[in-house]
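Colleague: After the structure tokens below, expect a handful of questions from me.
Throughout, read-outs are computed from the coordinates displayed, never taken from laboratory work. Just so you know, these numbers come straight off a predicted model, no measurement behind them. Quick reminder, even Gly has a Cβ in these numbers, built from the backbone with ideal geometry, and neighbours come from all protein chains shown.
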Amino acid sequence: MVGQAHVLRALMNALEGDDGQQRLHHAYLFTGTRGVGKTTLARIFAKCLNCETGVTAKPCGECRSCREIAEGRHVDLIEVDAASRTKVEDTRDLLDNVQYAPTRGRFKIYLIDEVHMLSGHSFNALLKTLEEPPPHVKFLFATTDPQKLPVTILSRCLQFNLKRMPVDMISGHLANVLEQENIPFSESALRLLARAADGSMRDALSLTDQAIVAGGGAVSEDEVQDMLGLLPHEHLLALLQAVADDDGARMLAMVEQMAQLTTDFTAAADGFIALLHSIAMQQVVPVDEADADIAQMAKLLSPADVQLYYQMALYGRRDLPLAPDPRGGFEMLLLRMLAFRLDDGKSQLRSTPVEKKKIVVEEKIPPSPPFSKGGTDEPLSQSLIPPFEKRGAGGISSSSNDWHTIYPQLNLSGMALPLAQHCLLESATDEQITLLLDESGATLQSESAEAQLAAALAKHYGRALKLNIKISALTEETPEKRALREAAEQQKAAEAAINNDPFVQQLQEAFGAVIVPGSIRPRTNAS
């Protein structure tokens, strides 16, 4: 029994004890994932109970009873697969002979595998025997899902949880087995087999047998990778290098190569996640004997990037079954890593104004009506746009050039409206209008919103204009801030009016009335 020392210790103490007294229970429940030794342990325990040398923690394995139990033909060891005998009639037939003494052994032992598969009525039939068991009967239950057992059954059993085995323990045991069999192997291949076993020693041994056959009597890393459909370690590292270099073309080319090596993109995602985990561990706890490529990648990537990639890979792995095409889902997982990169500080908003691309919108102007023959052709002395006043230190001008007055006349909608509400007018000429965009609204800036705003200005003034928007830390009040301030003042005034209303005060005093928070709304023109 590999990796289950805690269970063995408890059973050995029950069989022998420090004071020489046996403490045997009538029912034992062994739980754990598949392939960790539940049924094997139950059979060994049956040997301990019925060994002809006596109840012992070290059965001889040579007596008639031990041999028959090992061969599965002991008359007093009744093994039942509950998955195939779930009906209550099967359970009643099984328990009909409980009251009779064992034929040859010391105890009559019922070993029920996958006991959680029994029906509810079967558990009820079994419960009566568990409540008042004959002294010569022992029950050994094994299950992978103890949550499905009724509480009344669990409370009458001694439960032992067999642990999943870690990768190092499985690979170490496989190495020991292969050394005894004189079969050449590589440590990296055994670790791949141990990971694929997922905590199950039985699965690990089965995979090792398959790897020996595939490798022609040897266990090599390349053969194991081909057998399991895994990607080479170097391919995953190169794929991560392409992501780190922000090289989308090289990354997609490597996915194309990957598709020729394996069609299991779920396993590829698992390998990518395991690689990121190894890099993160190397960054936190550096190990001198670590893989050179992983150590180099741990220095190349920042810990924040590794954590971000790991989380994206984890969520992408979860969503792979939802993708119409597994390859497409895996490609989107990688493209997401390129699209959402951590800000390195170079793209942060700066307090100094940053000039954006100027947008020019041409607006067709209707032709001027012809002058009458009798009139005098005088040159136009005024521009089509009224003169703008330059913003000075004194604040916003109260003339018609005030942005608070101009922007409502533009009849904006969509994203252009909030963009304009976060701006102030800096300067304007006959050809160009320059606006200052507050940092709080920097995310509102887009080419489509700027184009819509420029078109509205051109339509308003009747000529093509260049719109220039600069991001700046404004201290003056934008239309958005003014609207928020006025709304807060109106709300405060409305609450004060209600609180000071004599009728409301009378209701509060007479009936203990309380104003519901958030129920007061200022009156608007519409209401």
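Colleague: What ³J(HN,Hα) values, in whole Hz, does the Karplus curve 6.51 cos²θ - 1.76 cosθ + 1.60 give for the range 414-421 when θ = phi - 60°, with x put for Gly and Pro?
Modeller: x, 6, 5, 5, x, 4, 5, 5
Colleague: Compute the angle between helix 201-214 and the longest alpha-carbon principal axis of the chain, please, reported from 0 to 90 degrees and rounded to the nearest 10.
Modeller: 90
Colleague: Here's another thing I want to ask about it. So what is the calculated 222 nm ellipticity per residue for the chain, using -39500 (n - 2.57) for each DSSP H run with n of 4 or more, over all residues, to the nearest 500 deg cm²/dmol? Write out the running numbers ahead of the final one.
Modeller: Working: 21 runs with 245 residues, N = 527.
Helices in the chain give a 222 nm mean residue ellipticity of -14500 deg cm²/dmol.
Colleague: Please give the charge dipole size of the range 167-228, origin at the Cα centre, charges +1 on K and R Cβ atoms and -1 on D and E Cβ atoms. Round to the nearest 20 debye. Spell out each step's value before the answer.
Modeller: Details: 3 positive and 11 negative charges, 31 e Å.
Roughly 140 debye, rounded to the nearest 20.
Colleague: Using alpha carbons only, how many angstrom separate the centre of the range 107-180 from the centre of the range 184-216?
Modeller: 27
Colleague: Which log10 I(q)/I(0) values, to two decimals, does the range 233-339 give at q = 0.23 Å⁻¹ under the Debye formula with one point per Cα?
Modeller: After summing over all Cα pairs, the log10 values are -1.32.
Colleague: Hey, can you grab everything whose amide H is under 5 Å from the amide H of LEU435? Only 5+ residues off in sequence or another chain; H modelled, so Pro and N-termini drop out.
Modeller: Placed amide hydrogens put GLU426, ASN468, ILE469, LYS470 under 5 Å from LEU435.
Colleague: What's the exposure ranking of VAL219, VAL284, VAL98, going from fewest to most Cβ atoms within 10 Å? Can you show the working numbers first?
Modeller: Details: VAL219 24, VAL284 10, VAL98 16.
Going from least to most buried by this count: VAL284, VAL98, VAL219.
Colleague: Starting from 0 in steps of 5 Å, tell me what percent of the Cα-Cα pairs of the range 16-84 lands in each bin.
Modeller: Reading upward from the zero bin: 3, 15, 23, 24, 19, 11, 4, 1, 0.
Colleague: I would also like to ask the following. If neighbour count is taken as other Cβ atoms inside 10 Å, put SER448, SER302 in order from fewest to most.
Modeller: Values: SER448 10, SER302 13.
Fewest-to-most Cβ neighbours within 10 Å comes out as SER448, SER302.
Colleague: Related question: Starting with the fewest neighbours, write out ILE433, ILE78, ILE406 ranked by other beta-carbon atoms found within 10 Å of each beta-carbon.
Modeller: Working: ILE433 23, ILE78 14, ILE406 19.
Result, fewest neighbours first: ILE78, ILE406, ILE433.
Colleague: Roughly speaking, what is the stretch gain from VAL88 to GLU486, that is 0.36 nm per residue apart minus the C-alpha to C-alpha distance, in nm to one decimal? Working shown, then result.
Modeller: Details: separation 398, 0.36 × 398 = 143.28 nm, distance 7.61 nm.
Residue separation times 0.36 nm, minus the Cα-Cα distance, leaves 135.7 nm.
Colleague: Using 0.36 nm times the number of residues separating LEU158 and ASP96, minus their current alpha carbon distance, what extension gain do you get?
Modeller: Values: separation 62, 0.36 × 62 = 22.32 nm, distance 2.39 nm.
Gain in length upon complete extension: 19.9 nm.
Colleague: What is the local net charge at ASP198, summed over the other residues whose Cβ is closer than 14 Å to its Cβ (Lys, Arg +1; Asp, Glu -1)? List each step's numbers first, then the result.
Modeller: On the way: positive: ARG34, LYS163, ARG164, ARG191, ARG195, ARG202; negative: ASP203, ASP270.
Residues close to ASP198 contribute a combined charge of +4.
Colleague: Whose amide H sits under 5 Å from the amide H of PHE160, counting only residues 5 or more places off or on another chain, with H placed in the peptide plane?
Modeller: For PHE160, whose amide H was placed from the backbone, the distant partners under 5 Å are LEU29, PHE30, THR31.
Colleague: Say the dipole of the chain comes from +1 at the beta carbon of Lys and Arg and -1 at that of Asp and Glu; which of LEU484, LEU111, THR443 then lies farthest toward its positive end?
Modeller: LEU111
Colleague: Note down the relative contact order for the range 236-334 as a percent, whole number, built from C-alpha pairs under 8 angstrom at least six residues apart. Walk me through the numbers on the way to the answer.
Modeller: Numbers: 66 pairs, mean separation 30.7, N = 99.
Result for the range 236-334 is 31 percent.
Colleague: If you fit an axis through the alpha-carbon atoms of helix 5-15 and take the longest principal axis of the Cα set of the chain, what angle between them do you get, 0 to 90°, nearest 10?
Modeller: Between the helix axis and the principal axis of the chain, the angle is about 30 degrees.
Colleague: Could you pull out every one of the aspartates and glutamates with an alpha carbon less than 16 Å from that of LYS466, ignoring same-chain neighbours closer than 8 positions?
Modeller: GLU355, GLU362, GLU363, GLU426, ASP430, GLU431, GLU447, GLU450
Colleague: Further, regarding this structure: Past 30 Å, Cα to Cα, is the threshold; run LYS470/LYS492; LYS58/LYS148; LYS38/LYS108 against it and keep the listed order. Don't skip to the end; give the middle numbers.
Modeller: Working: LYS470/LYS492 34 Å; LYS58/LYS148 33 Å; LYS38/LYS108 19 Å.
Beyond 30 Å: LYS470/LYS492; LYS58/LYS148.
Colleague: Using Cα atoms only, what is the angle between the long axis of helix 248-261 and the major principal axis of the chain, expressed in degrees (0 to 90) to the nearest 10?
Modeller: Computed tilt is about 30 degrees.
Colleague: Here's something else I'd like to know. Highest first, please rank the peptides 509-521, 139-151 by the mean number of other Cβ atoms sitting within 10 Å of their residues.
Modeller: Working: 509-521: 9.0, 139-151: 17.5.
Top to bottom by mean Cβ count within 10 Å: 139-151, 509-521.
Colleague: Continuing with this model, one more query. Could you state the principal axis extents of the C-alpha atoms in the chain, from the largest down, to the nearest angstrom?
Modeller: Principal axes ranked by extent give 136, 80, 43 Å for the Cα atoms.
Colleague: Still on this structure: Test of the criteria: in the range 236-328, which chymotrypsin sites (Phe, Trp or Tyr not before Pro) are in a DSSP loop and have at most 10 other Cβ atoms within 10 angstrom of their Cβ?
Modeller: Of the chymotrypsin sites (Phe, Trp or Tyr not before Pro), not one in the loops of the range 236-328 has a Cβ with at most 10 other Cβ atoms within 10 Å.
Colleague: From the phi angles alone, apply the Karplus equation (6.51, -1.76, 1.60; θ = phi - 60°) to the range 263-276 and give each ³J(HN,Hα) in whole Hz, x where the residue is Gly or Pro.
Modeller: Those phi angles translate into 10, 8, 6, 5, 5, 5, 5, 4, x, 5, 5, 4, 5, 5 Hz.
Colleague: Could you run the Karplus curve 6.51 cos²θ - 1.76 cosθ + 1.60 with θ = phi - 60° over the range 483-493 and give me ³J(HN,Hα) per residue in whole Hz, x for Gly and Pro?
Modeller: For the range 483-493, the Karplus curve yields 5, 5, 5, 5, 5, 5, 5, 5, 5, 5, 5 Hz.
Colleague: Count the net charge of all other residues whose Cβ sits under 14 Å from the Cβ of PRO133, scoring Lys and Arg as +1 and Asp and Glu as -1.
Modeller: Values: positive: LYS108, LYS128, LYS138, ARG156; negative: GLU131, GLU132.
Overall, the nearby charge balance is +2.
Colleague: Quick one: if you stick a label point 7 Å off each Cα along the C-beta vector at GLU131 and CYS60, how many nm between them?
Modeller: 4.2
Colleague: Under a Cβ-Cβ cut-off of 12 Å, what is the net charge of the residues other than MET312 that fall near it, where Lys and Arg count +1 and Asp and Glu count -1?
Modeller: On the way: positive: ARG317, ARG318, ARG336, ARG341; negative: ASP305, ASP319.
After counting each charged neighbour, the total is +2.
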